[in-house]
1. Only residues that are buried (at least 17 other Cβ atoms within 10 Å of the Cβ), outside any loop (DSSP other than H, G, I, E, B) and out of contact with any helix residue (DSSP H, G or I) (no Cβ under 9 Å at 6 or more places or on another chain): list them for the range 232-263, please.
2. For the range 315-327, which positions are surrounded by 19 or more Cβ atoms within 10 Å (Cβ to Cβ) and at pLDDT 95 or above?
3. Can you tell me which condition residue 318 does not meet? The list is (1) more than 22 Å from the chain's Cα centre (by Cα); (2) in a helix (DSSP H, G or I), and all the others hold.
4. For residue 407, state whether it is closer than 26 Å to residue 332 by Cβ and assigned by TED's automatic domain parsing to the domain that holds residue 312.
5. Would you confirm whether any residue within the range 175-188 is assigned to a helix (DSSP H, G or I) and modelled with pLDDT under 95?
């Protein structure tokens, strides 16, 4: 069996890897772009595909821009060295191919992708594991697919103010009594979670069974950008979750605010919010603009209620459904703080919540923004049973979107698909799909 071989890569895979062909079998290899030729080592052979490890690139694509940045892989940015306009072309192709392959949706329904207004420093939040490196408290990331922690001393992807404040906080932790996470003792700083909005920083120290000393709290809060400091205790060694079961405030303000379309939203440390805030504003504006004036609008997977509240003038009554209780509490508070009285938020599984609402009122429009796993079978069944006139589906995963559309197309037709790039230098692509009944 030939293990090493030279090959040309002709397209991009869903994870940003290059795809070439050997004996008509697709070969997936990280680190190469379409149009490049490389020497690779075949590491895995299956009946329908092979995997390879890059040895060296022998012919570089004109799409590549050589850089010295060494943390792109750890930060999940395999396209960092690809020219940004070329990223847009390949991302649109990934979306189109998924829709054709899994959903039988015509390529002509996909509009041009909306590029991000900023391509560096766009991530407003970080959740970073903490370890000691050369006797210094440092944050880093794990190499994808491994347990290998890699210290990252600077990030070009994070908001610059987030980066500066991260360094300041680590220095203060380093000179305090707090150590890094020790799983045997179940003590120490495990993760540093930070979010930066409009020049203000919200920070959570995820620790073991530690009491954060008053001196450290005051030292961190002396940083001028700090808005709120929190602690979450997480001693579960096997958990993939960052936060523990509870988060409590150590100092500063209870929440952080962000303004979307004139609506002020309050975010608690655990609240999910899009990382690329300027582009999220554009995405949400477009999604809301596709809602026809109606009696009843339901937003499923509503989170803190951003789009529901932005759409408050589009419907006589709005229901938001969200399974995370903290997010529902945030949504209710946001409605009250903005003086919006026609929005009601319930804590429930999406399908169960939709059935509950459909049992008491006719639903005109459903707005849905599910996780990467997409809608489950129960949710698809609930939507088909509720029979809204229109569905506006915000997706972050072309494959699960396409599979859901295939099921929804039994009763609906796809009117348009509008892609957005919220994550430059990654292969991820968001989209808004508008479906109409009949």
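The values are calculated or read from the model by the stated rules, or taken from the named source; none is laboratory data. This structure is a prediction, so every number in the text was calculated from the model and none was measured. Positions of Cβ are generated from backbone atoms using ideal geometry, with glycine treated the same way; all protein chains shown enter the neighbour counts.
1. Residues satisfying the conditions are 232, 233, 256.
2. First, pick out the residues of the range 315-327 that are surrounded by 19 or more Cβ atoms within 10 Å (Cβ to Cβ): 315, 318-322, 327.
Matches in the range 315-327: 315, 318, 319, 320, 321, 322.
3. Among (1) more than 22 Å from the chain's Cα centre (by Cα); (2) in a helix (DSSP H, G or I), the lone unmet condition for residue 318 is (2).
4. On the way: closer than 26 Å to residue 332 by Cβ: no; assigned by TED's automatic domain parsing to the domain that holds residue 312: yes.
In short, no.
5. Keep residues of the range 175-188 that are assigned to a helix (DSSP H, G or I), which gives none.
Scanning the range 175-188, I find no residue that is assigned to a helix (DSSP H, G or I) and modelled with pLDDT under 95, so the answer is no.
Conditions (1) farther than 19 Å from residue 8 by Cβ; (2) under 20 Å from the mean Cα position of the chain (by Cα); (3) buried (at least 17 other Cβ atoms within 10 Å of the Cβ), marked per residue:
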position	(1), (2), (3)
46	yes, no, no
53	no, no, no
125	yes, yes, yes
138	yes, no, yes
144	yes, yes, no
